[in-house]
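**Q** Handing you this structure, nothing more for now.
The values are calculated or read from the model by the stated rules, or taken from the named source; none is laboratory data. Note that the coordinates shown come from a computational prediction; the quantities given were computed from them, not determined experimentally. Cβ placement follows ideal geometry from the backbone for every residue including glycine, while neighbour counts extend to all protein chains displayed.
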């Protein structure tokens with residue numbers, strides 16, 4: 001009996017080890033990084049606060065009032081993006097998400113409430129890098145904050161950079177190009193693609209309601225032209241997609257299957273109808289469809305001369 005018990009004492013640990021290996025050894029590793037939303041928001045505020053408190057005038061984050069003035073002055077300008085050798089290019093062994101994610105950024109602001117000395121998180125939106133020299137594209141409406149807000153950008157790696165200058169703007173097309181202080185670093189960037197067709201597959205990567213780096217897929221559903229308010233002969237072309245997005249997605253890039261940018265998230269429009277008299281609550285509207293309108297590639301190319 002004693003020999004039998006000693007034999008079991010030797011066999012059982014070995015069996016347990018085999019069981020653990022079989023339970024964990026064949027489990028595939030996660031392909032993409034796990035996103036910590038709370039930590040990214042905290043790092044954005046802390047990083048931009050540090051830049052503001054440093055007091056370097058040359059690298060000071062742009063304030064809301066200065067941003068509005070510069071947007072007005074930059075209306076209709078076009079930015080030339082010189083060729084560079086290191087765009088985020090889709091390869092055979094990498095997913096679109098992991099390929100382009102380094103060049104998709106969080107655009108946001110911080111502010112002081114006047115009741116304490118702390119800096120608070122303001123608005124959050126999305127954006128993307130179009131040049132390794134630190135040119136970022138986002139929506140025009142992203143900069144419509146209170147005067148006390150200071151603007152910055154954070155990369156997927158958690159690096160925070162000050163927005164220092166508005167280079168180009170298109171209020172009607174809801175697009176803007178800004179410069180960030182890269183501190184001399186070369187940035188990963190994205191290329192503009194070719195004009196898509198209705199039915200083409202597209203992917204959106206954005207930050208809806210603070211859920212950072214969310215990927216959704218869909219197709220191009222239509223292109224439409226919208227008159228520009230106050231300008232009888234002017235209009236802007238918009239692209240609608242079926243990929244999902246929400247508040248905070250503004251400025252998120254829309255990708256084709258090659259990982260190139262063919263549009264940019266801008267806004268939604270809900271089609272509603274009121275219920276008929278037989279319904280017990282006739283005044284309650286029902287939502288029929290949500291249109292997801294994106295800045296078109298035509299509008300982006302009016303602002304960006306992509307030599308790459």
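**Q** I need a count of the residues in the stretch 151-175 that are in a strand (DSSP E or B), under 16 Å from residue 299 (Cβ atoms) and over 14 Å from the mean Cα position of the chain (by Cα). Spell out the reasoning first.
**A** Start the filter on the stretch 151-175 by keeping residues that are in a strand (DSSP E or B), which leaves 151-154, 160-170, 175.
Among the residues that remain, those that are also under 16 Å from residue 299 (Cβ atoms) are: 167-170, 175.
Among the residues that remain, those that are also over 14 Å from the mean Cα position of the chain (by Cα) are: 167-170.
Qualifying residue count, the stretch 151-175: 4.
**Q** Test of understanding: among 166, 142, 137, 219, which residue is within 21 Å of residue 100 (Cα to Cα), crowded, with 16+ Cβ neighbours inside 10 Å and modelled with pLDDT of 95 or more? Talk me through it step by step, then tell me what you get.
**A** Details: 166 fails: within 21 Å of residue 100 (Cα to Cα); 142 fails: within 21 Å of residue 100 (Cα to Cα); 219 fails: crowded, with 16+ Cβ neighbours inside 10 Å.
Matching residue, one of 166, 142, 137, 219: 137.
**Q** Another question about this same structure. Just the residues that are at pLDDT below 90 and outside any strand (DSSP E or B), please, taken from the stretch 261-308.
**A** Hits for the stretch 261-308 are 275, 276, 277, 278, 279, 280, 281, 282, 283, 284, 307, 308.
**Q** Same structure, new question: Can you pull out the residues in the stretch 99-113 that are more than 14 Å from residue 128 (Cα to Cα) and out of contact with any helix residue (DSSP H, G or I) (no Cβ under 7 Å at 6 or more places or on another chain)? Before the answer, list the steps.
**A** Quick first cut of the stretch 99-113, residues more than 14 Å from residue 128 (Cα to Cα) only: 109-113.
Correct list: 109, 111, 112, 113.
**Q** Ok, one more. Within the group 232, 236, 171, 157, which residue is modelled with pLDDT under 95, touching a helix residue (DSSP H, G or I) at 6+ places or on another chain (Cβ under 9 Å) and not assigned by TED's automatic domain parsing to the domain that holds residue 68?
**A** On the way: 232 fails: touching a helix residue (DSSP H, G or I) at 6+ places or on another chain (Cβ under 9 Å); 171 fails: not assigned by TED's automatic domain parsing to the domain that holds residue 68; 157 fails: not assigned by TED's automatic domain parsing to the domain that holds residue 68.
Within the list 232, 236, 171, 157, the selection yields 236.
Here is a yes/no grid of residues against (1) modelled with pLDDT of 50 or more; (2) part of a helix (DSSP H, G or I); (3) assigned by TED's automatic domain parsing to the domain that holds residue 215; (4) over 45 Å from the mean Cα position of the chain (by Cα):
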site: 3; (1), (2), (3), (4): no, yes, no, yes
site: 10; (1), (2), (3), (4): no, yes, no, yes
site: 22; (1), (2), (3), (4): no, yes, no, no
site: 28; (1), (2), (3), (4): no, no, no, no
site: 31; (1), (2), (3), (4): yes, no, no, no
site: 43; (1), (2), (3), (4): yes, yes, no, no
site: 46; (1), (2), (3), (4): yes, yes, no, no
site: 67; (1), (2), (3), (4): yes, yes, no, no
